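Presented below is the structure to which this report refers.
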Amino acid sequence: MRDAATASYESIFSVLAPRHCVLCQQVLPEKHWSSFVCQACFDAFPPAPPSESIMAVYRKQFPAESLRNELPLGRIFARFSMAESLEEQGATAMRHLVHLLKYHRLPSLGVELGAILGAWQMAHEAHHSYDALVPVPLHSARARERGYNQAEMLCNGVASAMAHGSVICRETNVIRRRNYTLSQTFLNAKERATNLHNVIVRGKEAERIRGKRVLLVDDVCTTGTTLHYCALALKEAGAAHVDALALAKA
Ligand SMILES: [Zn+2]
């Protein structure tokens, strides 16, 4: 979804001006590994809670399915924490970074963060292997507004990091968002869930996911509700197993 205008703006900008950390505005050293974040800001990002704690929160959202052992998601992994309850500067900085990724037309920030996310997943959870990566879909109208789907950019980065280990395909048309719905903010938790169940559906290439082990990729995981309905649609399409990987846990 990266358009030519965005790409050329980014490349012109990087040639004309020294690169600055998007969080603290310090000039980035030459040949620094990141085009966006300085080492000090990066080192301050707090880690997300372990998968077990994230899963405990998720199971509480769906107690009946959990009891019947019918949750569509096997595991949820997240790399960093951006929890509001954390007063730490690093958590505030991660919230800001996610905001930049979503609303400031920085698709290559998404790819870079995705590569970090994929390398971390490979290093820590290498025993979980996948056949396909699927970004959490954004409605096409919203993707047009933003210029891209940030989850898809993350997914591209994750794929590049994981390509060293095995051949893994990215699937962007196996699930989709059906309607441009009311902003989720105006709905209570139950309405929000019902709403999601109706809008995250199989896409035109859903068949491609049959029998596959899937890793869903998103920018933020809060309670796991969105990931749950994406995983449900993937399972309905015949996916053998679904885990999820998020950049940040809210
Ligand atoms: Zn910085």
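When segment 33-59 is filtered for residues that are touching a residue at least 60 places away in the same chain (Cβ under 8 Å), closer than 28 Å to Lys235 by Cβ and in contact with a helix residue (DSSP H, G or I) (Cβ under 9 Å, 6 or more places away or on another chain), the ones remaining, listed by number, are Ala48, Pro49, Tyr58. Candidates are the residues of segment 119-157 that are over 20 Å from Ile209 (Cβ atoms) and in contact with an Asp or Glu (Cβ under 7 Å, 6 or more places away or on another chain); the one that is surrounded by the most Cβ atoms within 10 Å (Cβ to Cβ) is Gln150.
Scanning segment 54-64 finds no residues that are at pLDDT 95 or above, within 16 Å of the ligand (Cβ to nearest atom) and either buried (at least 20 other Cβ atoms within 10 Å of the Cβ) or farther than 21 Å from Leu215 by Cβ (or both). Does Val214 count as surrounded by fewer than 24 Cβ atoms within 10 Å (Cβ to Cβ) and either under 15 Å from the mean Cα position of the chain (by Cα) or not polar (S, T, N, Q) (or both)? When the stated conditions are applied, Val214 does not pass them.
Within segment 23-53, track down each residue that is in contact with a His (Cβ under 9 Å, 6 or more places away or on another chain) and either away from the ligand (no atom under 16 Å from the Cβ) or not in a loop (DSSP other than H, G, I, E, B) (or both). Passing the criteria: Val27, Gln39.
Scanning segment 58-91 for residues that are closer than 30 Å to Leu23 by Cβ, over 18 Å from the mean Cα position of the chain (by Cα), part of a helix (DSSP H, G or I) and not small (Gly, Ala, Ser) returns a single hit, Gln89.
The values are calculated or read from the model by the stated rules, or taken from the named source; none is laboratory data. Note that the structure is a prediction, hence the values are computed from the model and not measured. Here the Cβ is made from the backbone with ideal geometry for all residues, glycine too, and neighbour counts use every protein chain on show.
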